[in-house]
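In what follows, a structure is listed as structure tokens, so that the remarks can point back to it.
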Amino acid sequence: MLKLKEKLNKKVVIIGAGLAGIESAMYLSRKGVQVYLYESKRIERTPAQKTNNFAELVCTNSLKSKDPNSAHGILKSEMRALGSLVLEVATEVAVPAGNALSVDRELFGKKITDIIESNPMIKVIHEIATDPVELKEKHEADFVIVASGPLTLKPLESWIVNYVSNDDLYFYDAIAPIVDVDSLDLSKCYFKNRYEEAEDNADYLNVPLNEDEYLDFVDELVGAEIVPPQNFEDPKFFESCLPIDVMAKRGVDTLRFSCMKPVGLEHEGKTPHAVIQLRKENLIGSAYNMVGFQNRLKYSEQVRIFQKLPGFKEASFNHLGSVHRNTYLHSARILEKDFSLKKNSHIYFAGQISGVEGYTESAAIGLYVAHQIMRRYEGLTPSIWPCELAIGALVNYVMTSPKPRPSNINFGLLPKVDLNKEQRRNKRRKIIKKELASKRAQEKLSQFREEINL
Ligand SMILES: Cc1cc2nc3c(=O)[nH]c(=O)nc-3n(C[C@H](O)[C@H](O)[C@H](O)COP(=O)(O)OP(=O)(O)OC[C@H]3O[C@@H](n4cnc5c(N)ncnc54)[C@H](O)[C@@H]3O)c2cc1C
């Protein structure tokens, strides 16, 4: 009886029902913590939001690779060990996407919202949060997790600036266009996954461009009218999510070596000069995402230029590309390794705002922070995640990066894998390296789980 009373006394306020916030909420509620979850979108949406659902995927519907030998695969194993709700629901509503875990975004958001709203340990409060310290006092909570994401609404952003840091808290990120497949001339396109045989039920639809078509397209992009940044915004782009207009200006071949890369996409016995890849947006396959085509062009310019592409003459777009401000902290200076504030150890930050980038990475940090809070409740010191693990590598990156720059999980963040002489000579050495890093992570994870009783 006493134990139950103690459990009911544990209270945490979470700001933001996004990828990170709902993971923290679910983790803590499963451990008997009463959660007060603040979410603003039913009062005011951010420029990227389109629904009232929690954990909204605002751009692509992909949660990246499922391959256990990829960095994202390693991250997913760790998230599963922490009981990830995001992965649980994503697996239920997955759409075919080769080795990637892509979801029907509408179903994904709806299911997560239902699960959170029907959880008796989570009280959802539809309000714009302003001051985490005041909310902690109001609910007599032990801790607050700020998981308000890359588009944190103004009053809270101002609180962060005043209470925590005067530094700039933003850079740019971008959204790719989505096209209605029925409006395309499919005789100009072909279905094929990269490095696989062409087949009608492949996940990717490809649009091949010959050299002239490609050069015309690059010319158009370079000369296109772009949406000027707001006067409060200073364009600092995330290198792995560059708008195509910025890439086109970097050099005539830049796009051909990035999102329009033709390798592994041979068609009719030849490798096209460049290829645009389209990926299914929903289970029924009525809409396709133009992969990597985030851009800053005015909407009218996007329609004009894209309709010149092969098969796109009559193209109609479900939505067009755009760029947005993106809020994040210089965490290495202001947070402890468990992502609590140095200045006030009862306030934690989680998700993209803490300095990671991506849906799964944000969700993983939501789990990480909730796990650290539970350790505190149990009177334990913060757990130090080994860098061989994806979560450990992300935390290490965020806490040691001299300049704040949100990062996805990638093998570059994990410690190097040493190959023996024979392996170094092997043509498959890159794959071998990944396999070894993944095996090392699996072993570390089971050892670490035992150590921290996870
Ligand atoms: C435009 C854009 C496109 C992106 N595209 C991708 C992509 O394609 N793939 C990818 O992996 N990552 C993408 N990201 C990166 C990012 O990882 C995701 O946005 C991810 O959703 C971040 O998760 P989060 O939980 O930190 O924040 P979010 O998922 O944004 O959740 C934050 C929540 O907090 C709420 N909130 C904000 N302020 C307040 C307040 N004051 N009070 C109460 N609630 C508040 C918001 O409404 C939101 O629901 C994109 C980011 C942006 C900005």
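None of the figures in this text is laboratory data; all of them are computed from the coordinates on show. Bear in mind that the values here come from a model prediction, so they are computed numbers and not experimental data. In this analysis, Cβ positions are derived from the backbone assuming ideal geometry, glycine residues included, and neighbour counts consider all displayed protein chains.
Please compute the Kirkwood hydrodynamic radius of the chain from all pairs of different C-alpha atoms, in Å with one decimal. Write down the numbers at each step before the final one.
On the way: mean 1/r = 0.0432 Å⁻¹.
Its Kirkwood hydrodynamic radius stands at 23.2 Å.
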- Ranked highest first by the average count of other Cβ atoms within 10 Å around their residues, in what order do 44-50, 122-128 fall? 122-128, 44-50
- Task: Within 10 Å, count the other beta carbons around each residue, average over each peptide in 248-254, 186-192, and list them highest first.
- Result: 186-192, 248-254
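Between rounded, prolate and oblate, where does the range 331-402 land on the alpha carbon gyration tensor, with a ≥ b ≥ c its root eigenvalues, rounded for a/c under 1.5, else prolate if a/b exceeds b/c? Please list the in-between numbers first.
On the way: a/c = 1.44, a/b = 1.24, b/c = 1.16.
Rounded shape, in that the Cα axes give a/c under 1.5.
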- Message: Looking at the range 185-335, I'd like the Rg to Rh ratio, where Rg is from alpha-carbon atoms and Rh is Kirkwood's inverse mean 1/r.
- Response: 1.01
- From fewest to most C-beta neighbours within 10 Å, the residues Met247, Met260, Met121 line up as Met121, Met247, Met260
- Query: What order do you get for 313-322, 261-270 when each peptide is scored by the mean count of other beta carbon atoms within 10 Å, highest first?
  - Reply: 313-322, 261-270
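Below 8 Å, C-alpha to C-alpha, sequence gap of six or more: please give me the relative contact order for the chain in percent.
Working: 872 pairs, mean separation 92.7, N = 454.
Result for the chain is 20 percent.
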- Message: Please give the Cα centre distance for the range 31-77 versus the range 385-411, rounded to the nearest Å.
- Response: 19 Å
- Query: When the helices in the chain are scored as -39500 (n - 2.57) per DSSP H run of 4 or longer and the sum is shared across all residues, what 222 nm value do you end up with, to the nearest 500 deg cm²/dmol?
  - Reply: -10500 deg cm²/dmol
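Among DSSP bridges having both ends in the chain, what percentage is antiparallel? Round to the nearest 5. Please report the intermediate quantities before stating the final value.
Details: 31 of 49 bridges.
Here the antiparallel bridges make up roughly 65 percent for the chain.
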